[in-house]
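The values are calculated or read from the model by the stated rules, or taken from the named source; none is laboratory data. As the structure is a computational prediction, the values presented were derived from the model and not from experiment. Note: ideal-geometry Cβ built from the backbone for every residue, glycine included; neighbour counts use all protein chains shown.
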Amino acid sequence: MNKKILIVDDELAVLIGLAKALRELCGFLGEIRTVVSGREAVYETCNCFYDLCFLDIKLSDINGLDVMKDIHHVSPETNIVLMSASHIREDLKKLIEKGEAFYIDKPFNFSQIKYIIKAALDGRQETARRGGTASKSNRRFKRRSSARTIHFNVKDNGLIEIRGRLIDISYAGMGMETIFPLKRGQVLSLKGVANRRGTVVWSTASGNDLYRAGISFR
């Protein structure tokens, strides 16, 4: 599957330069999308799954840490790379040490970026902090794998019961696969998952007429 990277920075030179470097210096062949605000970043991750997000800490509209929390909520599998040209606060250092995000300084060290891309896109549970490492999943809420069948109804189409396969689940949400083409924003009544309701935060075709979706519990 084609890998996707999102770059979030309010400086156009950073967006253009980093995107170009990812292609020419790091050899990234997937899709790159750039946005200039935190609101655009959250919107993008609600509508499309990104494997990796380079996120400036000091954005003009929303604090980068708040954006990171929102992205982790709607797309827990997206790896976050925080970027800063200034000294970072102690609370941010703790998040990085706990493995909740990668971190790179500005100006960029592209050897470090190459390492981060390989670690994040290859699925290794490592993070890089100024050349150091720490082991921890990048999910905000730890999910447990599952493969059981679940049943659900889509709001406004409640008479039809649809079957899906649960992929993983956490306190905050779950991943599932189904033949039904779910759309972002749809509300589901879930049966067999504590009879909860959930909202579709992302959905993508996974091949063989199947769709994968991320569900946030309400």
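Sort through Glu40, Glu44, Glu24 and tell me the only one that's charged (D, E, K, R) and either surrounded by fewer than 16 Cβ atoms within 10 Å (Cβ to Cβ) or outside the structural domain of Ile104 (by TED's automatic domain parsing) (or both).
Within the list Glu40, Glu44, Glu24, the selection yields Glu24.
Search region 15-38 for residues being touching a Ser or Thr at 6+ places or on another chain (Cβ under 9 Å) and assigned to a helix (DSSP H, G or I), and hand back the single one that is modelled with the lowest pLDDT.
Restricting to residues being touching a Ser or Thr at 6+ places or on another chain (Cβ under 9 Å) and assigned to a helix (DSSP H, G or I), the top hit is Gly38.
Quick one: is Leu82 crowded, with 19+ Cβ neighbours inside 10 Å, assigned to a helix (DSSP H, G or I) and not assigned by TED's automatic domain parsing to the domain that holds Arg184?
Here the answer is no, as Leu82 does not meet what is asked.
Taking Lys114 as meeting all but one of (1) in a loop (DSSP other than H, G, I, E, B); (2) touching a residue at least 24 places away in the same chain (Cβ under 8 Å); (3) out of contact with any strand residue (DSSP E or B) (no Cβ under 9 Å at 6 or more places or on another chain), write down the number of the exception.
For Lys114, the exception is condition (1).
Name the one entry in His72, His87 that is outside the structural domain of Met176 (by TED's automatic domain parsing) and surrounded by 19 or more Cβ atoms within 10 Å (Cβ to Cβ).
His72
Being within 23 Å of Phe217 (Cα to Cα) and either at pLDDT below 90 or not assigned by TED's automatic domain parsing to the domain that holds Lys114 (or both) is the filter here; which residues of region 52-67 pass it?
Leu65, Asp66
Can you work out which of the residues in region 166-193 that are in a strand (DSSP E or B) and more than 21 Å from the chain's Cα centre (by Cα) is modelled with the lowest pLDDT?
This residue is Lys191.
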